[in-house]
Amino acid sequence: MKTILKNLGQFLRDEEGVTAIEYGLIAALIAVVIIASVKFVGTQLDATFNKVATELEAANS
């Protein structure tokens, strides 16, 4: 019984799991920021290519 209580106390004081969760949350936040920025840049790049294509078509006409 004493061993179970000792192990339970050690488990409750253990902070390694908390650190791993924090690192996981930070990695998830970074991933969300990267996805949002790539989506924004992709939209802007798509608009630029469409404008260039329109200008080229107008120049060839």
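The values are calculated or read from the model by the stated rules, or taken from the named source; none is laboratory data. All of these numbers come straight from a predicted model, not from anything done at the bench. Remember, those area values only see protein heavy atoms, side chains included, never the ligands or the DNA or RNA. Shrake-Rupley method; radii C 1.70, N 1.55, O 1.52, S 1.80 Å.
Here are some notes:
- Scanning the stretch 26-46 for residues that are open to solvent by less than 100 Å² (accessible area, probe 1.4 Å) and of a type in the set (D, E, K, R) yields one hit, Asp46.
- Test: residue in the stretch 47-59 that is open to solvent by 100 Å² or more (accessible area, probe 1.4 Å), among the hydroxyl-bearing types (Ser, Thr, Tyr) and at pLDDT below 95: no
- Consider the stretch 9-25 and keep the residues that are open to solvent by less than 90 Å² (accessible area, probe 1.4 Å) and part of a helix (DSSP H, G or I). The one that is modelled with the highest pLDDT is Gly24.
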